[in-house]
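Here the structure is laid out as structure tokens; the discussion comes afterwards.
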Amino acid sequence: MTKRVLAIASGGGHFIQLMRLSPAWAGHQVSIATVDPSSRALVGEVPFFTFRDVSRADWWNIPAATLDIARILAAVRPQVIITTGALPGLIAATLAKPFGCKSLWVDSIANSEVLSGSGGQAGRVCSQVVTQWPHLATDRVEHWGSVL
Amino acid sequence: MIFVSVGSMMPFDRLTRAMDEWAAANPAIPVEIQIGKGAYEPRHARWVRKLALPDYQARVAGCALFVAHCGMGSIISAIEAGKPILMLPRLEAMAEHNTDHQLATAKHIGIRPGLHVAADVDDLKARASALLADSGLAPAPISRFADPAFTARIRAFIES
């Protein structure tokens, strides 16, 4: 049974890490969402969306990003969200949760000593949170592997 | 050619300025800097605000030395291209990032072969010259994708 999957990440390292997870959703009905339109060249022949970025440093952009992400969710109607962060991935998981969409938060490999800020919040929203560092695993945050 | 990238999310003028000074001292070596949101505009090196992602990857693959902040996008791009990378971590105390996680990245990932971490701008400039003369080991080649055991667990999550 193929699933409708939304794989979503901010730009830079978040997006590059997401792309390294691509075999996970091969064969499923995947859509990709990120912030940089030029990233389209890397995703192949799948639906591709962009949204206006936001982080805690520019929190006043939350409404614009949330609006863009809500539109993407309405178009994709995902059954599963996979995100490598940052805050926009958490917004997507939060908006989709009431509609029965499950979500996986893959905390960035950049967070090697503490979970990211959004990763800490993700525990309240996402169905599963994983860290890429074995020494950060807890009973709730699992370690499944890393992108490197 | 030396390609320099400071990352796209926040300015990092300390790195841009240091490599522009290096370019002034080494006029025979072309230097191109992707300065992102920085305020300092290089006077000696070529510069660009932001390259399209395929062009950025082509620069990393084509340069003799890649110099960057200590961000995972830069590190993974260097490893995938098999290029040595010289990094200057962003510091929270200098308002270069929200946290000091780039120092943690330097400590936990910067130890891999082909990855080099500078302590400060003087160390950065000295090591850029040294690495250009002898780049040492290239990063070990890796697959285009994460460990299959990791992606298999994510697939199981999707299908459960």
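Read the figures in this text as sums done on the coordinates, not as results from a lab. Computed from a prediction, not measured in an experiment: that's the story for all the values here. Cβ coordinates were reconstructed from backbone atoms using ideal geometry, including for glycine residues, and neighbour counts include every protein chain displayed.
Here are the numbers for this structure:
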item	result
Residues being charged (D, E, K, R) and either touching a residue at least 60 places away in the same chain (Cβ under 8 Å) or surrounded by 17 or more Cβ atoms within 10 Å (Cβ to Cβ) (or both) - total across the stretch B:18-41	3
Residues that are of a type in the set (Val, Ile, Thr), outside any strand (DSSP E or B) and within 11 Å of another protein chain (Cβ to nearest Cβ), drawn from the stretch A:112-148	A:Val114, A:Val147
Single condition A:Asp68 does not satisfy, out of (1) touching a residue at least 24 places away in the same chain (Cβ under 8 Å); (2) crowded, with 16+ Cβ neighbours inside 10 Å	(1)
When residues of the stretch A:1-21 are limited to those that are β-branched (Val, Ile, Thr) and facing chain B (nearest Cβ under 8 Å), the one surrounded by the fewest Cβ atoms within 10 Å (Cβ to Cβ)	A:Val5
Residue match in the stretch A:97-107 (condition: part of a loop (DSSP other than H, G, I, E, B), within 11 Å of another protein chain (Cβ to nearest Cβ) and more than 19 Å from B:Asp147 (Cβ to Cβ))	no
A:Ala24, sole failed condition from (1) within 9 Å of chain B (Cβ to nearest Cβ); (2) part of a strand (DSSP E or B)	(2)
Criterion violated by B:Ala152 - all others in (1) out of contact with any Pro (no Cβ under 6 Å at 6 or more places or on another chain); (2) in contact (Cβ under 8 Å) with a residue 40 or more places away in the chain; (3) within 11 Å of chain A (Cβ to nearest Cβ) satisfied	(2)
Selection from the stretch B:91-119 of residues that are within 23 Å of B:Ala64 (Cα to Cα) and either in contact with a Pro (Cβ under 7 Å, 6 or more places away or on another chain) or touching a residue at least 24 places away in the same chain (Cβ under 8 Å) (or both)	B:Ala106, B:Ile109, B:Gly110, B:Arg112, B:Pro113, B:Gly114, B:Leu115, B:His116, B:Val117, B:Ala118
All positions within the stretch B:68-88 that are among the hydrophobic types (A, V, I, L, M, F, W, C) and more than 9 Å from every other protein chain (Cβ to nearest Cβ)	B:Ala68, B:Ala78, B:Ala81, B:Ile85, B:Leu86, B:Met87, B:Leu88
Where B:Ala64 falls short, out of the listed (1) farther than 23 Å from B:Ser143 by Cα; (2) away from every other protein chain (no Cβ under 14 Å); (3) not polar (S, T, N, Q)	(1)
B:Ala140 within 13 Å of chain A (Cβ to nearest Cβ), loosely packed, with under 13 Cβ neighbours inside 10 Å and in contact with a Gly (Cβ under 9 Å, 6 or more places away or on another chain)	yes
All helices (runs of 4 or more DSSP H) inside the stretch B:28-116 with 1 or more residues being touching a helix residue (DSSP H, G or I) at 6+ places or on another chain (Cβ under 6 Å)	B:53-62, B:72-81
The stretch B:1-45, residues that are within 14 Å of another protein chain (Cβ to nearest Cβ) and among the small types (Gly, Ala, Ser)	B:Ser5, B:Gly7, B:Ser8, B:Gly36
Residue list for the stretch A:30-64, filter: within 8 Å of chain B (Cβ to nearest Cβ) and either hydroxyl-bearing (Ser, Thr, Tyr) or on the phi > 0 side of the Ramachandran plot (or both)	A:Ser38, A:Ser39, A:Ser55
One residue from A:Gly119, A:Gly100, A:Gly85, A:Gly123 being surrounded by fewer than 23 Cβ atoms within 10 Å (Cβ to Cβ), of a type in the set (Gly, Ala, Ser) and either farther than 16 Å from A:Arg140 by Cα or in contact with a Gly (Cβ under 8 Å, 6 or more places away or on another chain) (or both)	A:Gly100
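Yes/no matrix, rows are residues, columns are (1) touching a helix residue (DSSP H, G or I) at 6+ places or on another chain (Cβ under 7 Å); (2) within 21 Å of B:Gly73 (Cα to Cα):
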site	(1), (2)
A:Pro88	yes, yes
A:Thr94	yes, no
A:Pro98	no, no
A:Val114	no, yes
